[in-house]
């Protein structure tokens, strides 16, 4: 077994609550629930997806090993946290055809996630933002063309081989503002937005782990039933994204007068990294509030920021930025929800 | 401090490593982030800082018995600003290209915390020559950190050193290294490594 700092804490007063939940168990279970989504992406987009995943996981594990040896920290490779981080980094990489996404992209993302976002701040349980998302954002800004181009079509299905669904949304509105006709989109090699069914099944271009809402929903539900992940963050996050995209989505849409309450919430919920973010990223134990109220505020903030960035930002997707920004505000959110101390008349904790 | 009569060797060891203005005091971070994306500009910036801290420490130390305590900050700023203007004029005349690239950052040496910090902490309490040595040592301490950061950033961000391409065609530039966040990351990682080693040496000595 791996030794953790908390093992040395002696708890004296009964009653004690016992749980079989241990860090390694949790990490491996979460990793296992991600596999269907990755396997599905591998089936739909071809084997390069699996090569990218293997590279990300290997880089994460090797970095973890190297850093713990260099810093003489307790060996934590076998607890699976680095494996899971590598897997989540891979989920954030674009699914492309054979050899299109250079392998240094997932490798550097994993190294950054483990070395800088996790170990520079003290290792497991000490990271202040989600490591996998930090890795993604780092390589996103380092190699923007690699991270946003080359979206694959599918050899297995008739998948649109152009822009991601959210790209289409943005391009459509932009082109309309430029006075172009809808017909010219076909000339430019772009098709109209995919159907909700395609989005749900993952038959659209996107990142490896985000394309199939169905597979992620399944994995997420298993995690909630096992009580590894709380239900309030995913629910609030997805619901608030749906609500705000319904209210404001119509303002940026084309072919109609801008009006409120005309957005397409289902399209926003099923596309992009929302499912992945809501179930696997925004629910990280370390970087989210511990109180129920705090989690609601946290998830609400994620939803608002996601919709804002998607509709008005220069980037097409906002989930990763939204979660990282809200991660940073967690200590402030916690202050709003300090529990009332038992036996005191005032609700203020000292 | 003046009673102890600091030795030149110790002054240099402090400025370069033990009390390095960037690593240990974490001063002068603004310019560290702003000018380190290209090695050449960084070099000029560093020369400017060594020049300014050295000479302003020297002249302030000469004036130290004549400066009334209440207005000493204003006097320090005036002296520092004069030296920065002298440096600005020199590089405008000799290196107009780099002067343009650095833009306002040369003038901003005036506000660099290291210059004022050394004037306050050292020059006002010590003799002129040793003060000048302290200024130069701290300028050099700042310089080597900046040059290390600039080296990494230009190498990764543009694949070149001093404008000459050193990495082949296979290299894909890390755009983030040219942007300000790259400066944060490289500097922070450097501080992490160097301070980690310093702490460990301290523990080993005990």
| Based on the mean of other beta carbon atoms within 10 Å per residue, what is the order of A:279-285, A:28-34, most packed first? | A:279-285, A:28-34
| Hey, with R₀ at 60 Å, roughly what FRET efficiency would residue A:121 and residue B:74 work out to, going by the Cβ-Cβ distance, to 0.05? | 0.90
| request: Give the order of A:271, B:158 when sorted by the count of other beta carbons within 10 angstrom, beginning with the fewest. | output: B:158, A:271
| What does the average come to when, for each residue of peptide B:172-182, you count the partner chain Cβ atoms lying within 10 Å of its Cβ? | 4
| request: Per DSSP H run of n ≥ 4, the term is -39500 (n - 2.57); total these for chain B, divide by its residue number, and report the mean residue ellipticity at 222 nm rounded to 500 deg cm²/dmol. | output: -22500 deg cm²/dmol
| request: Using label points projected 7 Å from each Cα along Cα→Cβ, tell me how many nm separate residue A:39 and residue A:340, to one decimal. | output: 5.0 nm
| request: Please tell me the relative contact order of the stretch A:26-98 in percent, rounded to the nearest whole number, where contacts are Cα pairs under 8 Å and at least six residues apart. | output: 44 percent
| query | Which whole-number percentage describes the relative contact order of the stretch B:8-205, with Cα contacts under 8 Å and a sequence gap of 6 or more? | reply | 35 percent
| Rounded Å value of the spacing that divides the Cα centres of the stretch B:104-149 and the stretch B:45-96 | 10 Å
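Any read-out appearing in this document is the output of simple, stated calculations on the displayed coordinates, not a laboratory observation. Source: prediction; values computed, not measured. Cβ atoms come from the backbone with ideal geometry, glycine included; neighbour counts cover every protein chain shown.
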